[in-house]
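First comes the structure, then the notes that go with it.
We did not get these values from a lab; they are worked out from the coordinates using the rules stated. None of these values were measured; they are calculated from a predicted model. So basically every Cβ, Gly included, is an ideal-geometry build from the backbone, and we count neighbours across all protein chains shown.
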Amino acid sequence: MQIGTFTVQYDRMTPGWTAVNDTDSGDPQRFQTGAVGKQAAIRYALTQAYPAVAQAVIHLAQHCPEASGRAWAAAELLVSQHVQAPGPAAADNCLAWVRSQRAAASTHYYQLYLDGGHLTCDCLDFQQAGVAFAGQLLCKHLLAYQLARHLDWPLGDAALSLPPRRTAGGHWRGRTVTAVGMGQRAQPVTPDAPPAYANGAGVSADHLPAYHAFVATMRQRPFNAEKLMSWYVGR
Ligand SMILES: [Zn+2]
């Protein structure tokens, strides 16, 4: 698992979880085996790689201890660019899509809405009441969105669009697509197609490794070099 410049992995030789900074030659930080060690290694990497994110999580956990586990999971979602602007098929009151954490290439998105002054999420945890804080029910997806807002963290682009959904009244709800490049983003791209950004610009040689990684994972062209590199660095 990659968190910023840190690799978190299990060491079978000296059993236990480790966190290694890929940008220096220092020894790995070692943690115990099992879920507790894995969690400690992830939190260590988050704290080292994204101190402002970790600080916000710790601050939140001090005020709402029962949200601590979800808040750390939310930080992982945030730094791996899983919190994304809603895609073109989203309803007008949709605030964000959050890509499922379960698999690296997961294409399941949870949808966050503003509904009657409250935030809602369509995940099971939220539906089963999540955790309550300051009059608002929260799940890790909503916490990730709130962290993004709090830290001015740019939302990623939803790589895949979901079909529009019917409201109870039977009307299609969806937003008018006006953003430049939205049409291109919806087209899948094969890994062997010639490299080009969705905005039509060419891909420079030093961006090719990142570009190929993006296309292999997302099956989409990145919109431009800036979007590509923010995804690549943030993985
Ligand atoms: Zn949720």
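Order 141-147, 80-86 from most to least packed using the mean count of other Cβ atoms within 10 Å.
141-147, 80-86
Specify whether the C-alpha gyration tensor of segment 2-79 places it in the rounded, prolate or oblate class, a ≥ b ≥ c being the square roots of the eigenvalues: rounded for a/c under 1.5, otherwise prolate if a/b is larger than b/c and oblate if not.
oblate
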